[in-house]
Amino acid sequence: MASTTFSGPVTSTNGFIGTLTGNVTGNIAGSGSITHDTTVAIAATATLTAAQVATGYITVTSTTAVALTLPTGTLLGAALGAVKGTVFDLYIDNTASTSSGVVTMVVATNGILSTAATDTPGSFGDLTVAIAAIGVARFTLMFSSATAYVFTRTA
């Protein structure tokens, strides 16, 4: 299929179908839904690899509290092909965890917590993900360069 470049808004009456660059593959229809074809399961405290984060969806299955440390900005930027202005969403699914299996997110070198994470930790800045039915969170990484990102919870 040929590549076409547009300089203005693009609309479609039937949605857009195809392979997307970045962390998802699938159909973005009028509903705005995204399907992650690949996910990663984590069962213990870990430093995530750039490849794991690049899937965009991580399921946690621990029965105890865990900390998930993100890769360095350099490693993650390279895996995502990030440049200044790249925005990437990471979903953490902790619905399979039981007991005290709360997840705490930690940034690594060249990862910066947003002001929402430091000013309002009880709301969108919250870096923990609860257990069971309410244990799903979306975090957004916004790259300020190819090797540095700002990290915040956005849902």
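The numbers here are math on the coordinates, done by the rules we state, and not lab data. It should be emphasised that the depicted structure is a prediction, and the values quoted were computed from it without experimental measurement. No Cβ is skipped: glycine too gets one built from the backbone with ideal geometry, and neighbour counts run over all protein chains shown.
Table for the structure above
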item	result
Cα→Cβ-extended label distance, 7 Å offset, between His36 and Ile112, nm	2.6 nm
Rounded to 5, percent antiparallel among DSSP beta bridges of region 38-153	50 percent
Distance from region 137-155 to region 29-87 (C-alpha centre basis), Å	11 Å
Kirkwood hydrodynamic radius of region 38-153, from inverse mean 1/r over distinct Cα pairs, in Å	13.9 Å
Residue-count net charge about Val87 - beta-carbon cut-off 15 Å; Lys, Arg +1, Asp, Glu -1	+2
FRET efficiency, 1/(1 + (r/R0)^6) with R0 30 Å, evaluated for Thr64 and Val87 via beta carbons	0.40
